[in-house]
Protein chains: 4
Amino acid sequence: MLKGYTAPRSRLGAAALVPSPPWHFAGDVLAVEFWNDPDVSVDILPTGVELDEKSPGRSVVLFTDYQFTAQNDEYLDPARYQCRGFSVLLDATWKGTRIAWCPYCYVDNDAALMRGWIQGYPRKFGTIHQTRTFATASVASAPLAHNGRLSACMSAHGRLLVQARVTLREKAERLAGLLDRRIVGRRYFPRLSAGMHDKPAVDELVRCVSNQFLITNIWVGEAELNFPEAYGEELEILGPLKVGRGYRFSFSYSVTDIEILADLTASSAMRSG
Amino acid sequence: MLKGYTAPRSRLGAAALVPSPPWHFAGDVLAVEFWNDPDVSVDILPTGVELDEKSPGRSVVLFTDYQFTAQNDEYLDPARYQCRGFSVLLDATWKGTRIAWCPYCYVDNDAALMRGWIQGYPRKFGTIHQTRTFATASVASAPLAHNGRLSACMSAHGRLLVQARVTLREKAERLAGLLDRRIVGRRYFPRLSAGMHDKPAVDELVRCVSNQFLITNIWVGEAELNFPEAYGEELEILGPLKVGRGYRFSFSYSVTDIEILADLTASSAMRSG
Amino acid sequence: MLKGYTAPRSRLGAAALVPSPPWHFAGDVLAVEFWNDPDVSVDILPTGVELDEKSPGRSVVLFTDYQFTAQNDEYLDPARYQCRGFSVLLDATWKGTRIAWCPYCYVDNDAALMRGWIQGYPRKFGTIHQTRTFATASVASAPLAHNGRLSACMSAHGRLLVQARVTLREKAERLAGLLDRRIVGRRYFPRLSAGMHDKPAVDELVRCVSNQFLITNIWVGEAELNFPEAYGEELEILGPLKVGRGYRFSFSYSVTDIEILADLTASSAMRSG
Amino acid sequence: MLKGYTAPRSRLGAAALVPSPPWHFAGDVLAVEFWNDPDVSVDILPTGVELDEKSPGRSVVLFTDYQFTAQNDEYLDPARYQCRGFSVLLDATWKGTRIAWCPYCYVDNDAALMRGWIQGYPRKFGTIHQTRTFATASVASAPLAHNGRLSACMSAHGRLLVQARVTLREKAERLAGLLDRRIVGRRYFPRLSAGMHDKPAVDELVRCVSNQFLITNIWVGEAELNFPEAYGEELEILGPLKVGRGYRFSFSYSVTDIEILADLTASSAMRSG
């Protein structure tokens, strides 16, 4: 009897790369709102997802610095389960409903990489850093305060892909205009059998279901953002024409479920979407 | 029209974590043959795979140091596509046919991690090193020669999982007793929908199909091997009771296909195998 | 005119591995008090430093997770200047004065490695993690609260060297019994000229001078600690016979100076100390 | 009695970051010859070193992939002692003698970082990769052959600093025009005492002394090279106006000594050079 939510399945189930849900997350986020070229960003959408015509090209980048735990005190194994991530989200719609489409996502941890694929986030490895804030008063502490500055960056395989800077202006009660849409991604797992390379075994549009979503310590301000061009990536195509507000906040949420919007597996043999 | 063999799918298809097959590999291997306890290692086998009763408990570890390329000169992007790996293979049978079952596999590269899951190798991240051999005469060169010594090790998240040492004795024409069985793994991709966590979307026993498999510069000798115990891993359960020969050789092969031995997806709801 | 506090010196001085002091630090610490065998730990002391006979064998480990800045907003370059560290400190005396002797120190960043050598900390590379605490309520947040648990670990080159666990019991006003001694280290830079390998160019006992030292959010509790044995390290010799209290706190301080207690350079040709 | 060529000094001397010389090195090199702007590169020279007026601006980059050993079989501890490096060398003269001046150097290993500082190489951490060549025939093998192509790159803290590509044209008997000058560097170790930050404790111009220097498997061809601009580095100032030949070869050598050309310590208080 082999156990484990994912491979490698084993006798005790302790070897699995990803433990069984529920999954719990807590961390800090540096986020920047921006607008890219809707004539270009439309090309990153799968069939059935459309740019939001009320906010064409409006997008968000999220740099996360977080801790994960499941049912076995994984937060006490920080070498294995702490994680830093980066995501791009585009304002979009699915059958008229406002959603946030996630075309690119990077993390620095193998368990997080695979959790992402299971959740429909198309994760690759990246190295992500953000300025942290510490409790003592020091020029090194980067306190959350008016005119406080925080930077973030993401690189993959030694190439810088994203740089951001936020200058805090004021504390806010609510995250107005950010994370107010459910995130939609694509669970995609290809076949390797000859002749079937373009007929994935799993191809589903999915909508994230989060529980106990909490946000606190919200600060809003101005931002800078750029996506340097890099060989082997297409992220820069979604780069900012205009940059909006910057945000810094702490979050926590849990995941036990996902909503399947569409099963594209059957149709993916006939058309790419 | 989104392109890409895997996520993230994009307009040009250049962003995909794994490029389309055919995949080509070339590298060096340090391998050690050993015997673990068949009463224990039998528990790591899925339904339908049995220990080889002619060689119960006989196993092999492979440390690989290799280069990957697909159709786009990936070998000229070494930061992204060079890789080091570690695998355990157990002598087993599938419906009476001799196979090598792969219960654990580690790599140090994100594209290799995902290629592994597609091929049925249950990869996690590990840091793998092996003594290299260089062309000039020096005490630092570790030449392939009688009494030459080479070490290898694998750790994950800062914990040492495997250590090996090989003392070369003689050059060999053939890899007798090693890699003479087709490798069988398990393609496994779970569901996240509530109530379906134990009903994977993909659960297939698969047999590796390799083309143009070449081996050269084969050296055989004596070996030492141990699997230190580590929290969060079950590898040490498969550790050696007896250690056999050590091997060092160079290899290349290509992959374009896989053979599906059994689709366990339907049955996996009822029993874990 | 080349500029730079350290090599590489360059036209603008921007390339130097370490920027000029003053240096500012802010971060979080997980610390554990313990007692090792004074008959053994006495052997790690240089000439002139003695174990504190009032607390023989009493020692402390510090896991730090911190941000660095100098005069050029280095905290806005987190990929280059954030750092995690690990130190051992032994209760000792120098000419009757209570000090803390630092025999071993590890960091995960090149600038921090070299700053350490300049400050007399004998740094090597290590990978250090500690459970973090986040602002939102979640099982993943590890809040600072009664019975809250936090772990830390340090590994070098894939070998686990230290593991610690702290269970918080109560908030404290002061760090009683911790960091109440000035840290003493040894600035040591060898010669490579033939015949001079044991006659270092720099060999000084130095006492750390910290300014604006602040501590806040102090929690005290119980602790577990162990130093697994690892090839190529001697840390385990200093391992705990008994473990005392655990601490978690935030800190900041600045460095612009160092006090030279003794110049051993001349004498180091005649005796090792 | 504490032992160890470097800190941390310990009872057995096994903990020292760098073992005592002699040091032995063996590895592979990808090198590119180029010319930068002598009006600019002259500014990276210390007092007493001049650009070679017979080849003003002629420079070389070396990407190395190598193994290190000292007296204790360090090559059998590959996780700790294998290394990849990158160096820039400028054609220069010292008192009329042809030398190669090393303004910048990067490595991926802590022991190598400190060995470099001891040898006068101004090392910082970098991530370095080069296309490898393997013994079996495969499109992934990158054989050393006419029209064979090899790439190399170096990044630091997630920023790409150098990219190179070599197309092999022919095997050569000798390394004409490469490594035919002794390398000169600067041993530099600062003071931290207040008021002494610009008066280093060690400031010596040194010339590398190599023994048993061997070169084999030399291939020469054409090359591409570029130094992308990156925040916090000054490498791009030395970037190519013109690119010359590319080289690929294997090497080994040993180090037990260094030649001190000039002790700048006394004078460095009065002028920066």
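The values are calculated or read from the model by the stated rules, or taken from the named source; none is laboratory data. What you are looking at is a predicted structure, and each value in this text was computed from that prediction instead of being measured. All Cβ positions, glycine included, derive from the backbone under ideal geometry; neighbour counts span all protein chains shown. Note: areas computed on protein heavy atoms with side chains; ligands, DNA, RNA excluded. Shrake-Rupley method; radii C 1.70, N 1.55, O 1.52, S 1.80 Å.
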Next item on the list: Taking trypsin sites (Lys or Arg not before Pro) as candidate sites, keep only those in a DSSP loop with at most 15 other Cβ atoms within 10 Å, then name the longest stretch of chain C containing none of them.
Entry: C:175-270
Notebook entry, point to check: Quick one: length gained pulling D:Leu214 to D:Glu170 fully straight, 0.36 nm per residue minus the C-alpha distance?
Noted result: 13.9 nm
Notebook entry, point to check: Chain pair B, A: how much accessible area is buried, both chains summed, with a 1.4 Å probe, in Å² to 100?
Noted result: 6200
Item checked: Label 7 Å beyond Cα on the Cβ vector: D:Asp43 copy-to-copy distances, nm -> 4.1, 5.4, 6.8
Next item on the list: Take the Cα of D:Asp37, step 7 Å along the line toward its Cβ, and report every residue of region D:222-240 whose backbone nitrogen sits under 20 Å from that point.
Entry: D:225-240
Margin query: Between region B:8-48 and region B:116-148, how far is it from one alpha carbon centroid to the other, in angstrom?
Written below: 17
Notebook entry, point to check: Ignoring ligands, DNA and RNA, what percent of the accessible area of region B:90-159 is carbon or sulfur (1.4 Å)?
Noted result: 54
Item checked: region A:27-108, relative contact order [Cα under 8 Å, separation at least 6], % -> 30
Note to self: If you restrict to DSSP beta bridges whose two residues both lie in chain A, what percentage is antiparallel, to the nearest 5?
What the structure shows: 95
Next item on the list: Determine, from the Cβ-Cβ distance of B:Lys95 and A:Asp263 and an R0 of 41 Å, the FRET efficiency 1/(1 + (r/R0)^6), rounded to the nearest 0.05.
Entry: 0.80
Item checked: Positive-end residue, region B:1-159 charge dipole about Cα centroid, Cβ charges, pick of B:Thr133, B:Gly57, B:Gly116 -> B:Gly116
Item checked: Per-residue average of Cβ from other chains inside 10 Å of A:192-200 -> 6
Margin query: Let me check I've understood the local charge: for D:Lys242, count other residues with C-beta under 12 angstrom from its C-beta, Lys and Arg +1, Asp and Glu -1. What total comes out?
Written below: -1
Notebook entry, point to check: Measuring with a 1.4 Å probe in the full set of protein chains, what accessible area per residue, in whole Å², belongs to the protein assembly as shown?
Noted result: 34
Checklist line | 12 Å beta-carbon shell around B:Phe251, net charge (K/R +1, D/E -1) | finding: -1
Margin query: How far, in nm to one decimal, is B:Asn72 from itself in the other copies if the label point is set 7 angstrom along Cα toward Cβ? Shortest first, please.
Written below: 3.6, 3.7, 4.6
Notebook entry, point to check: So which GluC sites (Glu not before Pro) in region A:4-99 pass both tests, a DSSP loop state and at most 11 other Cβ atoms within 10 Å of the Cβ?
Noted result: A:Glu53
Check: In nm, one decimal, shortest first: how far is the label point of B:Lys3 (7 Å from Cα along Cα to beta carbon) from the matching points in the other copies?
Finding: 4.6, 4.8, 6.2
Checklist line | Only Lys, Arg (+1) and Asp, Glu (-1) charged, at Cβ; the protein assembly as shown dipole about Cα centre in debye | finding: 0
Next item on the list: Once you've got the GNM for chain B with C-alpha springs shorter than 10 Å, pick whichever of B:His24, B:His146, B:His129 has the biggest mean-square fluctuation.
Entry: B:His146
Next item on the list: Would you work out the relative contact order for chain B, in percent, from Cα pairs under 8 angstrom that are 6 or more residues apart?
Entry: 20
Notebook entry, point to check: Nearest-5 percent of antiparallel DSSP beta bridges in the protein assembly as shown?
Noted result: 95
Note to self: Please report the net charge: other residues with Cβ closer than 9 Å to the Cβ of C:Val60, K and R +1, D and E -1.
What the structure shows: -1
Next item on the list: Past 29 Å, Cα to Cα, is the threshold; run C:Lys124/D:Lys95; A:Lys95/B:Lys124; D:Lys54/D:Lys124; C:Lys95/D:Lys3; A:Lys242/C:Lys3; A:Lys54/A:Lys171 against it and keep the listed order.
Entry: C:Lys124/D:Lys95; A:Lys95/B:Lys124; D:Lys54/D:Lys124; A:Lys242/C:Lys3
Check: So what's the Cα pair-distance distribution over chain D, bin width 10 Å, in %?
Finding: 7, 27, 36, 22, 7, 1, 0
Checklist line | region C:142-273: C-alpha gyration tensor shape, a/c 1.5 cut-off, then a/b vs b/c | finding: oblate
Next item on the list: Using the Karplus curve 6.51 cos²θ - 1.76 cosθ + 1.60 with θ = phi - 60°, work out ³J(HN,Hα) for each residue of region D:59-70 in order, rounded to whole Hz, and write x for Gly and Pro.
Entry: 9, 9, 10, 10, 9, 10, 9, 9, 10, 10, 8, 10
Notebook entry, point to check: Going from most exposed to least, what order do D:Ile237, D:Ile183, A:Ile258 have by accessible area with a 1.4 Å probe?
Noted result: D:Ile237, D:Ile183, A:Ile258
Item checked: Dipole moment magnitude, nearest 20 debye, region C:34-101 about Cα centre, only Lys, Arg, Asp, Glu C-beta charged -> 120
Item checked: Positive dipole terminus of chain B, leading residue within B:Gly185, B:Val209, B:Ala172 (C-beta point charges) -> B:Val209
Margin query: To confirm my reading of the symmetry, which residue of chain A has the Cβ nearest the axis that brings A onto B, and what whole-Å distance does it have?
Written below: A:Phe189, 2
Notebook entry, point to check: Using the Cα gyration tensor of region C:11-157, with a ≥ b ≥ c the square roots of its eigenvalues, what is the shape: rounded (a/c below 1.5), prolate (a/b larger than b/c) or oblate (neither)?
Noted result: oblate
Margin query: For chain B, what does the helix formula give at 222 nm: sum of -39500 (n - 2.57) over DSSP H segments with n ≥ 4, over the residue count, nearest 500 deg cm²/dmol?
Written below: -1500 deg cm²/dmol
Note to self: I want to verify a result. In a Gaussian network model of chain B, Cα cutoff 10 Å, which of these has the top mean-square fluctuation: B:Val184, B:Val243, B:Val40?
What the structure shows: B:Val40
Checklist line | Per DSSP, loop GluC sites (Glu not before Pro) in region C:137-216 with at most 13 further Cβ within 10 Å | finding: C:Glu173
Check: When chain A is treated as a GNM, springs tying every alpha-carbon pair under 10 Å, which of A:Ala201, A:Ala79, A:Ala223 comes out with the largest mean-square fluctuation?
Finding: A:Ala79
Next item on the list: Take the alpha carbon gyration tensor of the protein assembly as shown, find the square roots of its eigenvalues, order them as a ≥ b ≥ c, and report rounded if a/c is under 1.5; if not, report prolate when a/b exceeds b/c, else oblate.
Entry: rounded
Notebook entry, point to check: Using θ = phi - 60° and the Karplus curve 6.51 cos²θ - 1.76 cosθ + 1.60, what whole-Hz ³J(HN,Hα) does each residue of region C:174-180 get, with Gly and Pro shown as x?
Noted result: 10, 8, 4, x, 9, 6, 9
Checklist line | Within region D:1-152: Cβ-based charge dipole about Cα centre, in debye rounded to nearest 20 (Lys, Arg +1; Asp, Glu -1) | finding: 520
